Amino acid sequence: MIEDFISELERPCRAFKLLLIFLEDYINDDIVSFIEETQKTDKLENTLAIIHALHLVCNDIKELKKEYYDKMVEDKYS
(Lines give C-alpha, C1' and ligand atoms only; values in the text may rest on other atoms or scores of the structure.)
Protein backbone atom coordinates (compact mmCIF):
# COMPACT_ATOMS: atom_id res chain seq x y z
CA MET A 1 0.00 0.00 0.00
CA ILE A 2 2.78 2.45 0.87
CA GLU A 3 4.68 1.54 -2.29
CA ASP A 4 1.60 2.35 -4.40
CA PHE A 5 1.31 5.73 -2.70
CA ILE A 6 5.00 6.51 -3.27
CA SER A 7 4.75 5.48 -6.92
CA GLU A 8 1.68 7.65 -7.38
CA LEU A 9 3.57 10.62 -5.89
CA GLU A 10 6.44 10.23 -8.33
CA ARG A 11 4.33 10.44 -11.49
CA PRO A 12 3.01 14.00 -10.97
CA CYS A 13 6.44 14.98 -9.70
CA ARG A 14 7.95 14.35 -13.14
CA ALA A 15 5.42 16.62 -14.81
CA PHE A 16 5.86 19.13 -12.02
CA LYS A 17 9.64 19.24 -12.57
CA LEU A 18 9.16 19.95 -16.27
CA LEU A 19 6.82 22.84 -15.51
CA LEU A 20 9.29 24.19 -12.94
CA ILE A 21 12.09 24.14 -15.51
CA PHE A 22 9.99 26.20 -17.93
CA LEU A 23 8.97 28.61 -15.16
CA GLU A 24 12.56 29.01 -13.98
CA ASP A 25 13.75 29.85 -17.50
CA TYR A 26 10.92 32.35 -17.89
CA ILE A 27 11.78 34.05 -14.61
CA ASN A 28 15.50 34.14 -15.38
CA ASP A 29 14.69 35.96 -18.62
CA ASP A 30 12.59 38.47 -16.65
CA ILE A 31 15.34 39.05 -14.08
CA VAL A 32 17.70 40.16 -16.85
CA SER A 33 15.16 42.65 -18.20
CA PHE A 34 14.22 44.00 -14.72
CA ILE A 35 17.75 44.33 -13.36
CA GLU A 36 17.21 48.02 -12.47
CA GLU A 37 13.88 47.55 -10.69
CA THR A 38 14.84 46.14 -7.30
CA GLN A 39 11.31 45.41 -6.12
CA LYS A 40 10.49 43.25 -9.13
CA THR A 41 13.89 41.57 -8.91
CA ASP A 42 13.22 40.68 -5.26
CA LYS A 43 9.87 39.13 -6.19
CA LEU A 44 11.46 37.13 -9.00
CA GLU A 45 14.26 35.92 -6.71
CA ASN A 46 11.68 34.87 -4.12
CA THR A 47 9.84 32.94 -6.81
CA LEU A 48 13.09 31.25 -7.82
CA ALA A 49 13.64 30.28 -4.17
CA ILE A 50 10.17 28.69 -4.09
CA ILE A 51 10.94 26.82 -7.32
CA HIS A 52 14.16 25.53 -5.78
CA ALA A 53 12.27 24.37 -2.69
CA LEU A 54 9.77 22.49 -4.89
CA HIS A 55 12.66 20.80 -6.71
CA LEU A 56 13.97 19.66 -3.32
CA VAL A 57 10.56 18.21 -2.42
CA CYS A 58 10.48 16.24 -5.67
CA ASN A 59 14.00 14.96 -5.01
CA ASP A 60 12.99 13.96 -1.48
CA ILE A 61 10.08 11.92 -2.85
CA LYS A 62 12.45 10.19 -5.27
CA GLU A 63 14.91 9.43 -2.45
CA LEU A 64 12.09 8.19 -0.22
CA LYS A 65 11.00 5.74 -2.90
CA LYS A 66 14.57 4.51 -3.37
CA GLU A 67 15.12 4.07 0.38
CA TYR A 68 11.80 2.26 0.75
CA TYR A 69 12.55 -0.21 -2.04
CA ASP A 70 16.11 -0.74 -0.78
CA LYS A 71 14.71 -1.52 2.66
CA MET A 72 12.15 -3.92 1.16
CA VAL A 73 14.89 -5.77 -0.74
CA GLU A 74 17.04 -5.92 2.37
CA ASP A 75 14.21 -7.28 4.50
CA LYS A 76 13.16 -9.83 1.90
CA TYR A 77 16.59 -11.19 0.99
CA SER A 78 18.42 -10.91 4.33
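The values are calculated or read from the model by the stated rules, or taken from the named source; none is laboratory data. Not measured: the values here are computed from a predicted model. Using ideal geometry, Cβ is built from the backbone for each residue, glycine included, and neighbour counts are taken over all protein chains shown.
Remarks
- So Asn28, is it of a type in the set (S, T, N, Q), in a helix (DSSP H, G or I) and modelled with pLDDT of 75 or more: no
- Tally of residues being modelled with pLDDT of 75 or more and either in contact with a Pro (Cβ under 6 Å, 6 or more places away or on another chain) or of a type in the set (Val, Ile, Thr) (or both) across the range 31-57: 4
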